[in-house]
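First the structure, in the form of structure tokens, and then the observations on it.
The values are calculated or read from the model by the stated rules, or taken from the named source; none is laboratory data. Since we're looking at a predicted model, the values are computed, not measured. As a convention, Cβ positions derive from the backbone with ideal geometry for all residues, glycine included, and neighbour counts pool all protein chains shown. Accessible surface areas use protein heavy atoms only, side chains included; no ligands, DNA or RNA. Shrake-Rupley method; radii C 1.70, N 1.55, O 1.52, S 1.80 Å.
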Amino acid sequence: MSIQKDAYEIIRTIVGDSNITDDPADCIGYRSGPGGYENGTGYDRVMTKLPGAIVMPDTTEQIQQIMKVCARYGVPYVPYSTGFYGPRSHPHVDSALIIDLKRMRGFEIDAKHYYIVVEPGVIYSQIQQICMEHGAYVVVGGGGAQTSAVANLLNDGWSPLSYRIGLPQRRILGLEMVMPDGEILRMGSLSDGEDPFWGEGIGPDLRGILRGYTGLLGCLGICTKMAIKTLPFQPVTPEPQGISPDTSLKLPEKRVKWLNFTMPDLESIQKAHIELGNAEVGGAITKVPLFWRAIAKAEDKEDFWRIWLKETEESVKNFCIVRIMLIGYTSEEQFDYDYRVLSDIMEELGGIERRTKPSDESWFKNADSAGMWLMTGSYVSVDYIMDSYTQAFKQGVSYMELKDRYTPPLMPDFKDLGWFQGCEMGHLGYFEFLMYWDQREDTSGVDQFYVETSKMNIENGYYTSLLSAHQPMMLTGPKYGPNYHEWILKLKEEFDPEWMCHPPVPLAHDEFVRRSPWMKEVCTWDPPEDLPYPERWKDK
Amino acid sequence: MSVIDKIHQDRFDTPKTPFALDIEDLSNFEYDMQHCIKCKGCYWVDHTYMPGMENAVRCPSNLWKEFDSYGAFGKMRIGLHLLNGELEWSDHLLELIYADPLCGACDVGCKRNLDLETGLTLEALRVKAVQDGAGPMPGQKKVIANIRETGNIYGASASRHSWMTEEIRVAEKADTVYFPGCLSSYQKKELAQSTAMLLNRSGIDFMLLPEESCCGNVAFSVGDIAAAREIAMKNVEKMRNTGAKTLVVSCAECYRMWKVDYPKLLKIRTADLGFEVKHIIEAAHDAWQEGKLSLRNPVNLQITYHDSCGVSRLCDDWEPYEGERGWMGTIEPGLTRRRGRQGLYQITRELLENIPGLELKEMQRTRENALCCAGGRGTSFDFPELSAFSATERLREAESTGAEVLVTACPWCVSNFDSVKPEEDPFEIADIAQILLKAAGQEGGTV
Amino acid sequence: MELIRDLAAISGMANVLSEPEQLKPYLSDLSLVPEGWAQAAVCPANAEEVSRIVKYCGENHLPVVPVSSAVHLYGSSIPKQGGVIVDLKRMNQIHEIDLVNRCVRFDAGVTWKQLTEALAEKGMRVIMPLAPWGNRSVATDHLEREVTTSTVYDYGEPMQSVEVVFPNGDIFRTGSASVHGYPNTPARGANPAGPGLDFYRLLQNAQGTFGIVTWMSLKIQSIPKIDKVYFAPLQSIDYGMDFLYRILPRRIGQECVILNRRDLAELLADSPEEYESNLKIVPEWTLVLVVSGLLRRPEEKIAYEDHFLQDVIQSEFPDIRLSTGLKGIRGADRRMLRILRQPWQNESVYWKYYGDSGCQDLFFITKPEKAEYFVDTVKAFLEGSGFDCRQLGAYLQPIEHNRACQVQFSFHYNRFNPEACRQVDELSFQTAKLCREQGGYFTRPYGRLAEYLYDGAAGYRSALKRVKNIFDPENIMNPGNLCF
């Protein structure tokens, strides 16, 4: 079913015939699942709908006009840059318009002042290459180099390279949003000039409403331009090498290096994180799940399981590797200094350096994130958390214990603790727990586990990035802040009173729980009978 | 008890599903379509090689028209709905399925990280179109009819051997058969001539196939399996009957067809064909390494090289497969996936870089990241705009290297590039056989 | 409503101020913003009392004017529409110094002096603005986004979670302190973001209009083991900035500032007399760069930074003369280090008042390459307006590897002379306008500048007002500031 007919015709005249479609085959082409991030879950099956139409604007002005037409004719819409983020970035109601931003490909770089200005269609690998040619680098989120930088920063984007800069929103400078009423809101220095080089102010910083931590998933309008900080790198551009599937970046050995250390235990890994931060050296530190290493070694899925099923809880527990990147930002001499400091730390902690490839396969430019789906076919990060190292490592244990109860359908991981890394030079500890399953199994357990992690966090006093639209707001809201959800809903009410932009986000997960019988048993909080969003978007 | 058995015993309950790498049944690729993650590895240049804002994409279809449905990731979703009978064939759907040169960029891109058979799925979608009576496209149907009637894609009645010149030595019987293909036989004769002369210079005696006829690339590529299989059977039999050990081709489409898709159609391994299939690049490289071909004549040109799809992403040996998919999607027995590793990248560059005076300037999209010109596999007959678009885009990239000549390994590429290049543009298009022949001290073309 | 009685019921009579003499200190500050009047001031002991006060004021439509310390610089704590001053000076506890996660949590009433001393005992420090008042609230300075002198940390600001009393009286914790049960939780409050919205951003430079912050968590760093303070006279700001463009992205240095003669002379003085003497000695412009050795192998760190500096200077910037001394000022390096790492020590005279009794600061963000242009433009304008530029302090603060720069002009004047006050007020305003027109970006709108700046960013103002209206529909929180 297409979108409202008059709206379709008006939008067609705005963008031209070749940039709008409601053909059924095209609409199916934009379907979220059944594969992909967080697909193969109940959320995907219950909440996503095929779009009614797709439009591809290429200017902010067109987007404004489109949003105003949508507002006038009651057409719900969802902004879409790559569609990679799974069901949450696809329509949840019938006859919605996908506003596909891929044609917004503007890119500028100010190498001297370490920032770029991009539109939503620009992805990280493009940005990273240009930055590296200019002596800079960006943090390519774990989602992969194929993600839209704008979308990733509005949502969440972490990598071991976040070690120095940390929070993704720190990288956002001036930007431009088209708000749900079609008006343009410019933030940072763009609010008062043409150059988006600075992000704060004027006065209170409205960038605070952008990211409903994690993201508001486009439910407060569309970001059409963003200036993003780049970080000073070192002068040698890493060169790509190899033939697919064995491609990697060759690192300039005297300036950039990954080092792997076998550590005596998890506690020493935590200490390594802390000591590295205290020493204020390094470019990245991370402990990755052991099965990621198996993915990297494996030729294919079967090979992965051959490798992985040799492990046991004991072997996983005992195999403690921390991975550290050194970057010679200043000079080779500085690089050597960092290495000596690191060696001192490792000597104190009993870390033993292992042979490490002089290349980067994962973090600078590539989409190794796609490899997450190799093992079981389905994957989602069930939580990503940023607080302290002490919370991170504790939380990993809690997750591991909870996950055990849901295995199967979750993949047997022999109680691997998940992914840790240090951010903001050790002031923040990051932890991400990823879950994998085969979506051809009964996946009710996957959906339940997802919500149970939220309850576990609340009970144990853990902070989590997956609040707002990612978990039932009626569960998390009263427990964080408290009542952060009330402010989000008030904001939504103020700027998008009809909920035209991506309904019913941010209450989508609450709605999912309400609609899904297998979620009743985990719904131990007290949601309202009627969720507070307009009736017109409610499934009858 | 194995770990998996124990886990099975405990609680995992995945049923085993039989499947085969058989494009005649789309349901064989249901798992693949269900598990496409929309990472667009099928669309973008390998991120490790991503050059920046320009030359970032290697999917010609999706570069031409930008809705997701034109990309492999869109077609995987569409394929599922077709399989489940949830989508009717329409002109637009046919365009989505057929406006696509099946260049293998998506397959290789996807297989960088996963095991999904994207390329085979797209082939299977075409087969389904034909099975459902919707495909192939009108122009392609005509070509297939031409092959049936005259043994060539043009419907030409002239001899296939009219490209031959007096100076070319053809043996009555030899260990090597040279198969020029329709395009070189009828249109780009200089390419066939250069190849033949190069074989002569390399001391490789060659014969031609008796009653030579089209390799059937278009029939296969558009999903007319019956027609393609008939052609395959006849051609393989003809080749086997010659007793020759090697088939040399100069067309990347023919190369892929003989090496990969004939075994696929005949449900045998490449190794079981009974003869080796080589592109002239391989034959020349072997001869050069053995000292039989000298490439010492200076060729004072700045060139760039376009890795034609048939000799890059698409030419890994074929192996038929039947098995079962079960727990976590694992298959039994195992399978060595075709990830495009056997592309003739290195040997081509070894040859070119060895020629005195020749300077090779690589494009940004090179080797498995090359942008297909979209001239082949039946595309140009019904989607000339796509072919022209992609060739123009690739030509722009080629010229931006500062080279004077674009060299490639397929007459379809040469022809397509020639057709979009403005007449007044001094930039030249050449086949690798012509360059190698020149380096061997003989003229054989316009370069 | 019986205001005094009602406030006393919340915080105790001893903590309610209503006599004119008691209220006088609150009604004006060190800025040129005109005096205001308040009905009362109350000094709560904790967030619950703050909450009750705010609710009470809301019920009675009384403005609330939050104040965290004894020093107010920009006029935002002067009541504009009367109301109740909420003075957080009793809330002055340092709750926790967490050495593992390197953060400190402290009340809004904690001063720089208090905090730096407590941290120093544990070998730690917090990155700070240039020579803040010792008795000024640390929380306020970070909320106000005072630019720090450290250029080397990619993450920029040290602020983490806060506790805030919203205009509806709700006590709310931002960031990772928002967890239920905090602080007795594994979550340490180290993350400022969320929950849900990034509330902390709305509170920054809100000047108390979005709520009252009662405590804050900040990142802390270890005190370096070795420091070398370099001075380099600059013949040209452009040349100095080019040098900084070259070295700061290489992560050289901890603190880095550029000061004009006036500012440096004042900073390095212990007395007005010394200031006068310094004026004759210090260069017109001086770059100050601190190179530090940290916890591990400190000498080696200094060594590689020094080597890099030497190489760059020799091959690219021969006119940069780095020296650990400043001619004519004994122990300049040790003094400078103290200035950069501690709040202003002289409790009787703040450095900006050595020469004159008043100082009006004007600051904005720009790209470093434009700093000299702004300095020249402003000087030309002021000279044309009859202002003696010897009264002008100037301070250039590179930010985060020199990706940007804060330019600050300080107008020194006699604040006991009404005409001088009026002149400086007008001049600084006109200077601000000039700088804005030339591309300077003013992120912190104080006093009369606010209306002008928001006029130029009408779209932003409109959205900001809508957001404010969500949090404070009655506009009781410090009305008359910003655009509210």
Sole miss for B:L87 among (1) at the interface with another protein chain (Cβ under 7 Å from one of its Cβ atoms); (2) surrounded by fewer than 23 Cβ atoms within 10 Å (Cβ to Cβ); (3) out of contact with any Pro (no Cβ under 7 Å at 6 or more places or on another chain) is condition (3)
Residue pairs qualifying under the 7 Å Cβ cut-off, at least six apart or on distinct chains, with the first in the range A:143-161 being without any contact (Cβ under 8 Å) to a residue 60 or more places away in the chain and the second being open to solvent by 10 Å² or more (accessible area, probe 1.4 Å), are A:N152/A:G143; A:G157/A:G143
For the range A:67-173, which strands (runs of 3 or more DSSP E) that fit wholly inside it have 2 or more residues that are within 13 Å of another protein chain (Cβ to nearest Cβ) and over 26 Å from B:W64 (Cα atoms)? A:107-110, A:115-118
Could you grab me the full set of residues in the range A:122-146 that are open to solvent by less than 10 Å² (accessible area, probe 1.4 Å) and over 18 Å from A:R255 (Cα atoms)? A:V122, A:I123, A:Y124, A:S125, A:Q126, A:I127, A:V140, A:G141, A:G144, A:A145, A:Q146
Does A:D368 fit the bill of being touching a residue at least 24 places away in the same chain (Cβ under 8 Å), in contact with a Phe, Trp or Tyr (Cβ under 7 Å, 6 or more places away or on another chain) and charged (D, E, K, R)? no
Failed item in (1) more than 15 Å from C:C103 (Cβ to Cβ); (2) open to solvent by less than 10 Å² (accessible area, probe 1.4 Å), with C:A187 passing the rest: (1)
Regarding the range A:344-352, can at least one residue be identified that is touching a residue at least 60 places away in the same chain (Cβ under 8 Å), facing another protein chain (nearest Cβ under 9 Å) and either of a type in the set (F, W, Y) or more than 25 Å from C:K219 (Cα to Cα) (or both)? no
If I ask for residues that are within 7 Å of another protein chain (Cβ to nearest Cβ) and either of a type in the set (A, V, I, L, M, F, W, C) or in contact with a strand residue (DSSP E or B) (Cβ under 7 Å, 6 or more places away or on another chain) (or both), which ones from the range C:204-216 would you list? C:A206, C:F210
Taking only the range B:47-80 into account, find how many residues are at the interface with chain A (Cβ under 8 Å from one of its Cβ atoms), of a type outside the set (A, V, I, L, M, F, W, C) and either open to solvent by 10 Å² or more (accessible area, probe 1.4 Å) or outside any loop (DSSP other than H, G, I, E, B) (or both). 12
Filtering the range C:469-484 down to residues that are open to solvent by 10 Å² or more (accessible area, probe 1.4 Å) and assigned to a helix (DSSP H, G or I), which residue is farthest from the other protein chains (Cβ to nearest Cβ)? C:N469
Tell me yes or no: at least one residue of the range A:449-461 is part of a strand (DSSP E or B), aromatic (F, W, Y) and in the same structural domain as A:K394 (by TED's automatic domain parsing). no
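Please verify whether the range A:274-287 includes one or more residues that are open to solvent by 10 Å² or more (accessible area, probe 1.4 Å) and closer than 30 Å to A:L206 by Cβ.
Kept after step one, since they are open to solvent by 10 Å² or more (accessible area, probe 1.4 Å), are these residues of the range A:274-287: A:274-275, A:278, A:280, A:287.
This time we only want the ones that are closer than 30 Å to A:L206 by Cβ, so: none.
The answer is no, given that none of the residues of the range A:274-287 is open to solvent by 10 Å² or more (accessible area, probe 1.4 Å) and closer than 30 Å to A:L206 by Cβ.
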Please list, ordered by residue number, the strands (runs of 3 or more DSSP E) wholly in the range C:1-99 having 2 or more residues that are open to solvent by 20 Å² or more (accessible area, probe 1.4 Å). C:94-98
Over the range B:30-69, the set of residues of a type in the set (V, I, T) and without any contact (Cβ under 8 Å) to a residue 40 or more places away in the chain is B:T48
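Considering C:E305, C:E273, C:E300, which residue is part of a helix (DSSP H, G or I) and in contact (Cβ under 8 Å) with a residue 40 or more places away in the chain?
Details: C:E273 fails: in contact (Cβ under 8 Å) with a residue 40 or more places away in the chain; C:E300 fails: in contact (Cβ under 8 Å) with a residue 40 or more places away in the chain.
One residue alone meets the criteria, C:E305.
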What number goes with the only condition from (1) of a type outside the set (A, V, I, L, M, F, W, C); (2) in contact with a Pro (Cβ under 9 Å, 6 or more places away or on another chain); (3) part of a loop (DSSP other than H, G, I, E, B); (4) open to solvent by 40 Å² or more (accessible area, probe 1.4 Å) that C:E451 does not pass? (3)
Can you tell me which residue in the range B:90-108 is farthest from the other protein chains (Cβ to nearest Cβ), limited to those that are free of Cβ contacts under 8 Å to residues at least 40 places away in the same chain and open to solvent by 10 Å² or more (accessible area, probe 1.4 Å)? B:D91
Of the residues A:D205, A:D195, which single one is among the acidic types (D, E), modelled with pLDDT of 95 or more and crowded, with 24+ Cβ neighbours inside 10 Å? A:D205
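Every residue, every condition in (1) of a type outside the set (K, R); (2) within 11 Å of chain A (Cβ to nearest Cβ), yes or no:
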residue	(1), (2)
B:L293	yes, no
B:I303	yes, no
B:D316	yes, no
B:G326	yes, yes
B:T336	yes, yes
B:R339	no, yes
B:Y345	yes, yes
B:L352	yes, no
B:P356	yes, no
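What are the residues in the range C:171-181 that are at the interface with another protein chain (Cβ under 7 Å from one of its Cβ atoms) and out of contact with any Phe, Trp or Tyr (no Cβ under 8 Å at 6 or more places or on another chain), if any? I'd like the intermediate steps shown before the answer.
Let us first name the residues in the range C:171-181 that are at the interface with another protein chain (Cβ under 7 Å from one of its Cβ atoms), namely C:172-173, C:176, C:178-181.
The answer is C:G181, and nothing else.
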Taking A:I488 as meeting all but one of (1) in a helix (DSSP H, G or I); (2) within 23 Å of the chain's Cα centre (by Cα); (3) more than 8 Å from chain C (Cβ to nearest Cβ), write down the number of the exception. (3)
Of (1) touching a strand residue (DSSP E or B) at 6+ places or on another chain (Cβ under 9 Å); (2) of a type outside the set (K, R); (3) within 14 Å of chain A (Cβ to nearest Cβ); (4) open to solvent by 20 Å² or more (accessible area, probe 1.4 Å), C:Y441 satisfies all except one. Which? (4)
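Suppose the filter is closer than 21 Å to C:I470 by Cβ, outside any loop (DSSP other than H, G, I, E, B), in contact with a helix residue (DSSP H, G or I) (Cβ under 9 Å, 6 or more places away or on another chain) and not assigned by TED's automatic domain parsing to the domain that holds A:G74; does A:L185 pass it?
Values: closer than 21 Å to C:I470 by Cβ: yes; outside any loop (DSSP other than H, G, I, E, B): yes; in contact with a helix residue (DSSP H, G or I) (Cβ under 9 Å, 6 or more places away or on another chain): yes; not assigned by TED's automatic domain parsing to the domain that holds A:G74: yes.
So A:L185 passes the test.
Which of the residues that make up the range A:222-239 are part of a strand (DSSP E or B) and either without any contact (Cβ under 8 Å) to a residue 40 or more places away in the chain or hydroxyl-bearing (S, T, Y) (or both)? Spell out how you get there, then give the answer.
Residues of the range A:222-239 that are part of a strand (DSSP E or B), as a first pass: A:222-229, A:231-232, A:239.
Those that are part of a strand (DSSP E or B) and either without any contact (Cβ under 8 Å) to a residue 40 or more places away in the chain or hydroxyl-bearing (S, T, Y) (or both): A:T224, A:E239.
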Those residues that are part of a helix (DSSP H, G or I) and within 7 Å of chain C (Cβ to nearest Cβ), I need them from the range A:462-485; list them, please. A:S468, A:K479, A:Y484, A:H485
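Being in contact with a strand residue (DSSP E or B) (Cβ under 7 Å, 6 or more places away or on another chain) and either outside the structural domain of A:M456 (by TED's automatic domain parsing) or assigned to a loop (DSSP other than H, G, I, E, B) (or both): is that true of A:K365 here? Please lay out each step first, then the result.
Details: in contact with a strand residue (DSSP E or B) (Cβ under 7 Å, 6 or more places away or on another chain): yes; either outside the structural domain of A:M456 (by TED's automatic domain parsing) or assigned to a loop (DSSP other than H, G, I, E, B) (or both): yes.
It is true that A:K365 is in contact with a strand residue (DSSP E or B) (Cβ under 7 Å, 6 or more places away or on another chain) and either outside the structural domain of A:M456 (by TED's automatic domain parsing) or assigned to a loop (DSSP other than H, G, I, E, B) (or both).
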